[in-house]
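The structure under discussion appears below in the form of structure tokens.
Nothing in this text is a laboratory measurement; each read-out follows from the coordinates by a stated rule. The structure displayed is predicted, hence computed values, not measured ones. Glycine gets a Cβ as well: all are built from the backbone with ideal geometry, and neighbour counts include every protein chain shown.
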Amino acid sequence: MEKKRQGEIALAILKYKIREDGIRNLNASNIKRCVENLSKRTGIPKEDLFEFGKILVLDVIEEAHKTD
């Protein structure tokens, strides 16, 4: 399976999880701590994780708005 397709599947799963589970404990310190830990564990820069998270959450919000 191509890397591009793997990324598409991973993105779809993340969006599904956000829609189903919601975003719990959403406050600045929890988000920052989670992103910092994820960055350390994955080697992905914090800035990239923050940017990706913002895009992901905004996409899910936009999708919800379209269904109203």
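The figures follow:
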read-out	value
DSSP-assigned coil residues among GluC sites (Glu not before Pro) in the chain, each with at most 13 further Cβ atoms within 10 Å	E2
Alpha carbon convex hull of the chain, projected area averaged over orientations, nm²	5.6
Cross-link table K15/K66; K4/K32; K17/K54; K15/K40, entries beyond 21 Å C-alpha to C-alpha	K4/K32; K15/K40
At most 15 other Cβ within 10 Å, DSSP loop - trypsin sites (Lys or Arg not before Pro), the range 1-55	R24
Segment L58-L11, length gained on full extension (0.36 nm per residue, minus Cα span)	15.6 nm
Most positive-pole-ward Cα, I55, I44, G22, against dipole of the range 3-67 from beta carbon charges	I44
Estimated dipole of the chain in Debye, rounded to 20 [Cβ of Lys and Arg +1, of Asp and Glu -1, Cα centre]	320
